[in-house]
Amino acid sequence: MPQNLLDLDAHALTAYLTEMGEKPFRAKQLLRWIYQVGEPDFAAMTDIAATLREKLSHCASIVVSDILREELSDDGTRKWLLNVGTGNAVEAVYIPESTRGTLCISSQAGCALDCSFCSTGKQGFNRNLSVAEIIGQLWWANHQLGKNAEGNWAISNVVMMGMGEPLLNFSNTVSALRLMLDDQAYGLSRRRVTVSTSGIVPAMDRLREECPVALAVSLHAPNDALRDKLVPINQKYPLKELLAACRRYLERAPRDFITFEYVMLDGVNDSVQQAHELVRRVADVPCKFNLIPFNPFPQTPYLRSRPDAIARFRDVLMQADIVTTTRKTRGDDIAAACGQLAGQVLDKTKRSRLLHSGEVV
Ligand code: SAH
Ligand code: SF4
């Protein structure tokens, strides 16, 4: 099997080339071709010696996952379904806005954490994505969307808020983050790259040490009793520990606040009283809140909070001087909104049938 170069961050690529007897600066050249130019063909990399190009064409490759489907929403949101093999697919979603272009990417096929309101969680866990499968989502989206008049790629911001828990696929996520940040590759600022986590406390500490980027934490409840039910990982890392980890993270974070995500579930976590409890709970963590109206999916027992409940909840937070935004639901018509990303949701029989036929629908 050829070595897929998308699997290697700068450090690993340098080691790979050194082992081939090449000079370290070749890694920089290759990174620039692959990520800044977006060139997947070694033959076109004209400033690299012909002998090396020839060698690479035999032992290496630059390949992204097959694209099964592309969908375009009425609001300009685009969703790509990427085949990650054995009947599984993951999704990447592009959200254009006037001042930025954001790509929401996936880190795992499925998710093991089974949050009760999340369709990815309901799908169960299949496997971690490789570095190539993670960074390949950005490579592909940039390739499709192209560059703007200033010569910059369309995607200026990346959020790891697609399928999966990025901090449970730690080393591949960090290598992919390094490629996003590396000046020879995409050169995005740490403030424009956000990891969203359900609160894997030890991994938050590692991320702070190894690759601090902007952090979003999925809070969803003001107390442990409710959070234990909505986000079961809370039973392992309860709120007190989670909020302490947030404070530690801020010591090295590129932004001076944590973004708390809070899904608005009708009659479950959206009362004014719960908003007051939340304000007291997060009092010693500099933070902003992002309220996410629940996005329904088949067979969920939950309903989206009513707009007036969301507004009242927001007002309580704002009165406590917490900057609070309500996330606009984007890409609703193509099931690209938060928590609707189910990839290939297959029941067991269908899954084994697909595995037998080798077919992916
Ligand atoms: N696993 C990570 C990142 C992916 S989920 C995490 O949980 O943070 C990205 C965000 O979408 C999280 O805040 C998650 O709680 C939210 N989400 C999940 N299902 C949702 C749904 N059905 N409606 C709205 N938001 C949802
Ligand atoms: Fe996993 Fe995040 Fe969904 Fe929870 S909300 S099941 S952690 S993807």
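Among the residues of segment 152-171, write down those that are polar (S, T, N, Q) and buried (at least 21 other Cβ atoms within 10 Å of the Cβ).
169
Considering only segment 134-164, state which residues are in a helix (DSSP H, G or I) and either closer than 18 Å to residue 99 by Cβ or more than 16 Å from ligand 2 (Cβ to nearest atom) (or both).
135, 136, 138, 139, 140, 141, 142, 143, 144, 145
Quick test of your reading of the structure: residue 182 fulfils all but one of (1) open to solvent by 10 Å² or more (accessible area, probe 1.4 Å); (2) within 24 Å of residue 70 (Cβ to Cβ). Name the failing condition by number.
It is condition (2) that residue 182 fails.
Is it the case that residue 133 is assigned by TED's automatic domain parsing to the domain that holds residue 227, touching a Cys at 6+ places or on another chain (Cβ under 9 Å) and touching a residue at least 24 places away in the same chain (Cβ under 8 Å)?
Details: assigned by TED's automatic domain parsing to the domain that holds residue 227: yes; touching a Cys at 6+ places or on another chain (Cβ under 9 Å): no; touching a residue at least 24 places away in the same chain (Cβ under 8 Å): yes.
For residue 133, the condition - assigned by TED's automatic domain parsing to the domain that holds residue 227, touching a Cys at 6+ places or on another chain (Cβ under 9 Å) and touching a residue at least 24 places away in the same chain (Cβ under 8 Å) - is not met.
Hey, among the residues in segment 224-254 that are acidic (Asp, Glu) and without any contact (Cβ under 8 Å) to a residue 40 or more places away in the chain, which one's farthest from residue 284 (Cα to Cα)?
228
How about segment 300-338: which of its residues are in contact (Cβ under 8 Å) with a residue 12 or more places away in the chain, open to solvent by 80 Å² or more (accessible area, probe 1.4 Å) and either within 16 Å of ligand 2 (Cβ to nearest atom) or in a strand (DSSP E or B) (or both)?
304
Could you grab the pairs with beta carbons closer than 6 Å, sequence gap of 6+ or different chains, first residue in segment 194-215 and touching a residue at least 12 places away in the same chain (Cβ under 8 Å) and β-branched (Val, Ile, Thr), second one within 16 Å of ligand 2 (Cβ to nearest atom) and open to solvent by 30 Å² or more (accessible area, probe 1.4 Å)?
201/237
Starting from residues that are among the acidic types (Asp, Glu) and touching a residue at least 60 places away in the same chain (Cβ under 8 Å), keep the ones in segment 71-105 and report whichever is farthest from residue 155 (Cα to Cα).
First pass over segment 71-105, keeping only residues among the acidic types (Asp, Glu): 71, 74-75, 91, 97.
Cutting the leftovers down to touching a residue at least 60 places away in the same chain (Cβ under 8 Å) gives us 71, 74-75, 91.
On the way: 71: 17, 74: 19, 75: 17, 91: 16 Å.
Looking at the filtered set, the residue picked out is 74.
Could you check, for segment 18-28, whether at least one of its residues is in the same structural domain as residue 155 (by TED's automatic domain parsing), touching a residue at least 40 places away in the same chain (Cβ under 8 Å) and charged (D, E, K, R)?
The answer is no; no qualifying residue exists.
From the list 84, 90, pick out the single residue that is assigned by TED's automatic domain parsing to the domain that holds residue 261, more than 9 Å from ligand 2 (Cβ to nearest atom) and open to solvent by less than 10 Å² (accessible area, probe 1.4 Å).
Just one listed residue meets the conditions, 90.
Would you confirm whether or not segment 55-72 contains a residue that is small (Gly, Ala, Ser), open to solvent by 40 Å² or more (accessible area, probe 1.4 Å) and modelled with pLDDT of 95 or more?
yes
Give the number of residues within segment 93-121 that are surrounded by fewer than 19 Cβ atoms within 10 Å (Cβ to Cβ) and within 12 Å of ligand 2 (Cβ to nearest atom).
Looking only at that region, the number is 3.
The values are calculated or read from the model by the stated rules, or taken from the named source; none is laboratory data. Remember, it's a predicted structure, so these values are computed and weren't measured experimentally. For neighbour counting, all protein chains shown are included, and Cβ atoms are generated from backbone atoms with ideal geometry for every residue, glycine included. For accessibility, only protein heavy atoms count, side chains too; no ligands or nucleic acids. Shrake-Rupley method; radii C 1.70, N 1.55, O 1.52, S 1.80 Å.
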